[in-house]
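Let me begin by presenting the structure, written as structure tokens, before commenting on it.
The values are calculated or read from the model by the stated rules, or taken from the named source; none is laboratory data. The model shown is predicted, which means the values in this text are computed figures rather than measured ones. Cβ coordinates were reconstructed from backbone atoms using ideal geometry, including for glycine residues, and neighbour counts include every protein chain displayed.
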Amino acid sequence: MTTTTATDTPLVELRDAGKRYGNIIALRDVSLKVAAGEVMCVLGDNGAGKSTLIKIIAGLHQNTDGEYLVEGKPVKFDSPRQALDHGIATVYQDLAVAPLMPVWRNFFLGSEKTRGFGPFRRLDVDFMKKTAKQELLDMGIDLRDVDQPIGTLSGGERQCVAIARAVYFGAKVLILDEPTAALGVKQSGVVLKYIVQARDRGLGVIFISHNPHHAYPVGDRFLLLKRGQSIGYHEKEDITLEELTGLMAGGAELEQLVHELRASGADTESVRTIRDEIADDTSAGVGHVPVTEGVQTIPPEERKQAE
């Protein structure tokens, strides 16, 4: 598959964007850009400001500071519908699907195709079934029956249906809100594959995640958020997975924790043991972050003797 080359003009760009709710600053001085054929990854823990950022780009809220540009032009969206009209589609974590409805009904949910006129207007079921099946095939999803309830699909397959739906209805920029958060290893891999396919079809993808091991293989740029502020903005060639994981894990904070535990008389050797066990467990997928370099721990027996 041939990768689409990103254009010079970003599809979406934020310049020093911020959001205030009265005296509460939810987001401050955040910049990012995503062009066609790129995956922009936004990483951060809970409360980092990822949801606020999504709401600004998706048109649910307006930024109170900075600039928001779409294809180089400043915009102020009053609703998600306006953002969608500009080709910006958001796939939220809950997917907004009706589990008991068939796949094809969910694919066209809210945008059903009809035929006939006046009192003779009815749903064009054949068209919607054929279109849904073909669009899913184009994304690499081969469903035996698009009449099956979407609730019978795996979490990864439901995510992919939502992605294919956004692509079909003309999305230029696809915002994915934690698409792998509630999925197993295999299903997460399936979703990551379809993110790459969306990128290769020329879409700009904004991938929101708290897992650098999911973001790094597919990402072209990485924005790290913490408490509503950017703590790093990196091109892929400028940062390794281990460095990205270290920034996400907060190595400096863990180092401070070790010192605080030592000051309180706690056995910091257990902290090192837990960290090393996690690092050695490849299934945990968090990588090794050295947090106790240069810290001399006192064995419990020697400490008791000293006391």
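Any residue in region 39-54 that is in contact with a helix residue (DSSP H, G or I) (Cβ under 9 Å, 6 or more places away or on another chain), in the same structural domain as residue 194 (by TED's automatic domain parsing) and not in a strand (DSSP E or B)? Walk me through it before giving the result.
Keep residues of region 39-54 that are in contact with a helix residue (DSSP H, G or I) (Cβ under 9 Å, 6 or more places away or on another chain), which gives 39, 41-45.
Next, from what is left, pick out any that are in the same structural domain as residue 194 (by TED's automatic domain parsing): 39, 41-45.
With the extra rule that they be not in a strand (DSSP E or B), the set shrinks to 44-45.
Yes: one or more hits.
Only one of 93, 134, 159 is assigned to a loop (DSSP other than H, G, I, E, B), on the phi < 0 side of the Ramachandran plot and of a type in the set (S, T, N, Q); which?
So the residue among 93, 134, 159 that is assigned to a loop (DSSP other than H, G, I, E, B), on the phi < 0 side of the Ramachandran plot and of a type in the set (S, T, N, Q) is 93.
Of the numbered conditions (1) over 18 Å from the mean Cα position of the chain (by Cα); (2) of a type outside the set (Phe, Trp, Tyr); (3) in the same structural domain as residue 203 (by TED's automatic domain parsing); (4) at pLDDT below 85, residue 7 satisfies every one except a single condition; which is it?
That leaves (3) as the condition not met.
Starting from region 11-38, take each residue that is free of Cβ contacts under 8 Å to residues at least 24 places away in the same chain and closer than 30 Å to residue 192 by Cβ and list its partners that are loosely packed, with under 14 Cβ neighbours inside 10 Å and not charged (D, E, K, R), counting only C-beta distances under 6 angstrom and pairs at least six apart or across chains.
Sorted first by the residue in region 11-38, then by its partner, the list stays empty.
Which one is nearest to residue 59 (Cα to Cα) among residues in region 70-84 that are outside any loop (DSSP other than H, G, I, E, B) and of a type in the set (A, V, I, L, M, F, W, C)?
Only one residue fits best here, namely 83.
Quick check on region 185-196. Is at least one of its residues touching a helix residue (DSSP H, G or I) at 6+ places or on another chain (Cβ under 8 Å), within 23 Å of residue 110 (Cβ to Cβ) and outside any helix (DSSP H, G or I)?
No, region 185-196 contains no residue that is touching a helix residue (DSSP H, G or I) at 6+ places or on another chain (Cβ under 8 Å), within 23 Å of residue 110 (Cβ to Cβ) and outside any helix (DSSP H, G or I).
Quick grid of which residues meet (1) of a type in the set (A, V, I, L, M, F, W, C); (2) surrounded by fewer than 18 Cβ atoms within 10 Å (Cβ to Cβ):
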{"residue": "103", "(1), (2)": "yes, no"}
{"residue": "108", "(1), (2)": "yes, no"}
{"residue": "122", "(1), (2)": "no, yes"}
{"residue": "127", "(1), (2)": "yes, yes"}
{"residue": "131", "(1), (2)": "no, yes"}
{"residue": "138", "(1), (2)": "no, yes"}
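Just name the residue that is modelled with the highest pLDDT out of those in region 138-190 that are closer than 11 Å to residue 103 by Cα and of a type in the set (S, T, N, Q).
Step by step, filter region 138-190, then rank; the result is 148.
Picking from 33, 19, which residue would you name as being at pLDDT 85 or above and either aromatic (Phe, Trp, Tyr) or surrounded by fewer than 22 Cβ atoms within 10 Å (Cβ to Cβ) (or both)?
Being at pLDDT 85 or above and either aromatic (Phe, Trp, Tyr) or surrounded by fewer than 22 Cβ atoms within 10 Å (Cβ to Cβ) (or both) holds for just one of 33, 19, which is 33.
With the condition kept exactly as written, say whether any residue in region 122-132 is assigned by TED's automatic domain parsing to the domain that holds residue 215, in contact with a Cys (Cβ under 9 Å, 6 or more places away or on another chain) and of a type in the set (A, V, I, L, M).
If we filter region 122-132 for residues that are assigned by TED's automatic domain parsing to the domain that holds residue 215, which is where we start, we get 122-132.
Filter once more, so that each one left must be in contact with a Cys (Cβ under 9 Å, 6 or more places away or on another chain): none.
No, region 122-132 contains no residue that is assigned by TED's automatic domain parsing to the domain that holds residue 215, in contact with a Cys (Cβ under 9 Å, 6 or more places away or on another chain) and of a type in the set (A, V, I, L, M).
Residue by residue, here is whether (1) at pLDDT below 90; (2) under 19 Å from residue 177 (Cβ atoms); (3) of a type in the set (Lys, Arg); (4) not assigned by TED's automatic domain parsing to the domain that holds residue 34 holds:
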position	(1), (2), (3), (4)
69	no, no, no, no
83	no, yes, no, no
96	yes, yes, no, no
99	yes, yes, no, no
